[in-house]
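Below is one structure; the comments refer to it alone.
The values are calculated or read from the model by the stated rules, or taken from the named source; none is laboratory data. Owing to the predicted nature of the structure, the values given are computational and were not obtained by experimental measurement. Cβ sites come from the backbone with ideal geometry, for glycine too, and all protein chains shown count toward neighbours.
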């Protein structure tokens, strides 16, 4: 059986894969696996930023902690579930790429924007002394591009993305 999200041999990718576990915490590696399963189940060609956001919210309590207290996370998860059962159909077959970040070639499985977010999360973690990237690093990476599908989902759920980014930075300062 052929996977619905294609994978490439290492030699086709220049020997480098963004979706491997190098530089990721165990928790974040599990998030990526969950996003991949969600993309396959939804019939999407690639893992996009909304798949990553959905998986982060479901599995990482530290990510949920940076959102405003109250019903915001529940509302957001409800919206993401709606997306997975129908809202996302308008995105099927298209590639998430805002053009705001360079396209990362040969990154099987991720949209160009999601691949760049994974790279940015690793860079953020490296800036803290080389520790593995955390879920909040990936959340920060996902919300910096206003054209990301995750940003669209956050906006539709009533989340102020700029304020969220500030809360992420504050959270990392406290825990860093």
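Select, from 128, 124, the only residue that is within 23 Å of residue 27 (Cα to Cα), in contact (Cβ under 8 Å) with a residue 12 or more places away in the chain and assigned to a loop (DSSP other than H, G, I, E, B). None of the others qualify; the one that does is 128.
The set of residues in segment 118-151 that are within 14 Å of the chain's Cα centre (by Cα) and exposed (fewer than 15 other Cβ atoms within 10 Å of the Cβ) comprises 146, 147.
Look at residue 44 and say whether it is surrounded by 21 or more Cβ atoms within 10 Å (Cβ to Cβ) and under 17 Å from residue 156 (Cβ atoms).
Numbers: surrounded by 21 or more Cβ atoms within 10 Å (Cβ to Cβ): yes; under 17 Å from residue 156 (Cβ atoms): no.
So residue 44 fails the test.
Within segment 60-81, the only residue that satisfies the criterion of being out of contact with any helix residue (DSSP H, G or I) (no Cβ under 8 Å at 6 or more places or on another chain) and modelled with pLDDT of 90 or more is 61. When residue 163 is tested against (1) under 21 Å from residue 73 (Cβ atoms); (2) surrounded by fewer than 20 Cβ atoms within 10 Å (Cβ to Cβ); (3) touching a strand residue (DSSP E or B) at 6+ places or on another chain (Cβ under 6 Å), just one condition goes unmet, and that condition is (3).
Of everything in segment 10-32 that's in a helix (DSSP H, G or I) and touching a helix residue (DSSP H, G or I) at 6+ places or on another chain (Cβ under 8 Å), which residue is modelled with the lowest pLDDT? Full working, then the answer.
Narrowing segment 10-32 to residues in a helix (DSSP H, G or I): 10-13, 26-32.
Going one step further and asking which of them are touching a helix residue (DSSP H, G or I) at 6+ places or on another chain (Cβ under 8 Å), we end up with 27-28, 30-32.
Working: 27: 87, 28: 90, 30: 92, 31: 93, 32: 93.
That would be 27.
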